[in-house]
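Everything on this sheet refers to the single structure shown next.
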Amino acid sequence: MYRNPSASAAAREPRPPSERGDHGPGAWREFGARLRHWRRRAGLTQAQLGAGIGYDHTAVSKIEHGARRVTPRIAERIDELLGAGGELLSACLRAETAELPLPDPFVPFAAVLLRPPLPGGADAAADEELLPAPTRLPDYGLLCPLHDADGCAVPPPEELAALHAEFCAADPAAAPPLEAATAHALAGLLAAQLRAGETGAQPGLVAAVERTLRAVLARLATAPADRRGPLARLAAEHAHAAGALRMQVGRNATAMACFDRALTWAELAGDRATLVGTLSDLSILARLDGDPAAALGYAREIDRVAPGRPWAGAMGRISRARARALAGDVRGTVREIGLARTHLEHIDARDEADVPWLSIASMRLRVESAAAAALRDLAAAVDDPRLARRALAATETALGLLGPTRLPSTRLLFTVRAADCHACAHDPRAAVELLGPALESAPAAALPALVGHELRGLRGRLAPYEPQAARRLAELAGA
């Protein structure tokens, strides 16, 4: 679950050295003892607690003996499950802090921020390819971390590359405050990297994003409080981008790690757009794992991080619709789709100030594409051609909003989905006729993971009627 603000504030209060707990292992033993106390107070066995957090009883036993660590997010889940009122989260953060050689004065959140986004990530090459960057911000959904949506010029390519290299190579302890030109360069380069990722797998792209992220984190860990906001926003956006790129190539476990960190930094920055986008992507990951309950939980969190915002309401409701469809809940899915469309009617200037990519057309595209997927999932689950035809209409609306030249991998995804709608409507020949031209020009190595996921579902529905086409789909989807 998303972090409770009051619990987080209590956990982050600075403590004098005498109250920071024991070093490393001792601090984790203290956490384990507190966990045991609260588990027994709740009347749960180790197996029952483990079932509540997805661990087996042996893992819980190791945690209680200080032999296994937990992440702050898992500690918070345990805290909520046992009703510990933030005590276990506080103990977890103190244990993490005790393992790090932190400088004085004590930085309360440094333990979280200094952890790398992924274990063992490799640095990008120093001479990484220079991608075509935008000339101005906002771009590709990214705001200027210093000036929000005011509209800022991105440095020309040669200057951008030099500013980026200087930022990554600088000693964080001696580095000056984030300058405007550098902030514009980092955001512009990230926009270029995300756009490059849209065209398919790009070797080294994730490493390049994470290289910048590590440099941002090094600055953030030592920055004065009044200079943390822009760096935290950059960290959140880079972690979210790394997760999205990992998810695009099917690396879901590492994508989850990136998204988890993105939530922490976006909360610190007060970045609603990244919070909502990350929670939406976490819901997608849960659906890919076949876990509708977790997908619905992430979708509900969207309402909590941006309450009263129609754009966030639409995003949350459509994520709920997809989760309910996965569970076969016809009435609930249709209701959530209707509520998402209602939210679209109430988007105004205040919403546009929250999210740089927001427009009525872009939000309608998101809602209609997700509605199509949810209705298609229902049609497949309950074998109802009427739902499939409604899904096809929503998919065609999304394709019309996308336009013929924008986001080629998204267009391929929508085309595969439209073909699947035909298959679910008991018209496999129409599915093959629609899909054939699009797939013949798409090499398997370049197919995003979400497209492959859609292809595998379609293959299963075509196999009894169009075996040759199903075999071709199997080759393309790597299944």
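When the criteria are applied in full, A192 fails the requirement of being farther than 26 Å from R411 by Cα and surrounded by fewer than 22 Cβ atoms within 10 Å (Cβ to Cβ).
Which ones in the range 52-66 are of a type in the set (D, E, K, R) and part of a helix (DSSP H, G or I)? Break it down into steps so the answer makes sense when it comes.
Of all residues in the range 52-66, those of a type in the set (D, E, K, R) come to 56, 62, 64.
Matches in the range 52-66: K62, E64.
How many residues does the range 308-339 hold that are outside any helix (DSSP H, G or I), in contact (Cβ under 8 Å) with a residue 12 or more places away in the chain and within 18 Å of R386 (Cα to Cα)? Of the residues in that region, 1 qualify. Residues of the range 54-66 that are surrounded by 15 or more Cβ atoms within 10 Å (Cβ to Cβ) and in contact (Cβ under 8 Å) with a residue 12 or more places away in the chain: V60, S61, I63, E64, G66. The residue of the range 295-328 that is farthest from A394 (Cα to Cα), among those that are buried (at least 24 other Cβ atoms within 10 Å of the Cβ) and among the β-branched types (V, I, T), is I302. Residues in the range 370-422 that are more than 25 Å from E198 (Cβ to Cβ) and in the same structural domain as E433 (by TED's automatic domain parsing): 1 in all. Within the range 67-87, take every residue that is more than 20 Å from the chain's Cα centre (by Cα) and part of a loop (DSSP other than H, G, I, E, B) and give me the one that is surrounded by the fewest Cβ atoms within 10 Å (Cβ to Cβ). Checked the range 67-87; the qualifying residue surrounded by the fewest Cβ atoms within 10 Å (Cβ to Cβ) is G83. Filtering L288, L296, L358, L375 for residues that are over 27 Å from G151 (Cβ atoms) and either modelled with pLDDT under 90 or in contact with a strand residue (DSSP E or B) (Cβ under 6 Å, 6 or more places away or on another chain) (or both) leaves a single hit, L288. The single condition among (1) at pLDDT 90 or above; (2) outside any helix (DSSP H, G or I) that P177 does not satisfy is (1). When the range 255-271 is filtered for residues that are surrounded by fewer than 19 Cβ atoms within 10 Å (Cβ to Cβ) and either basic (K, R) or within 12 Å of the chain's Cα centre (by Cα) (or both), the ones remaining, listed by number, are M256, D260. When R331 is tested against (1) over 28 Å from P72 (Cα atoms); (2) charged (D, E, K, R); (3) surrounded by 18 or more Cβ atoms within 10 Å (Cβ to Cβ), exactly one condition is not met: (3).
The values are calculated or read from the model by the stated rules, or taken from the named source; none is laboratory data. What you see is a predicted model, and the numbers here were worked out from it, not measured in a lab. Here Cβ is always computed from backbone atoms with ideal geometry, including for glycine, and neighbour counts include all displayed protein chains.
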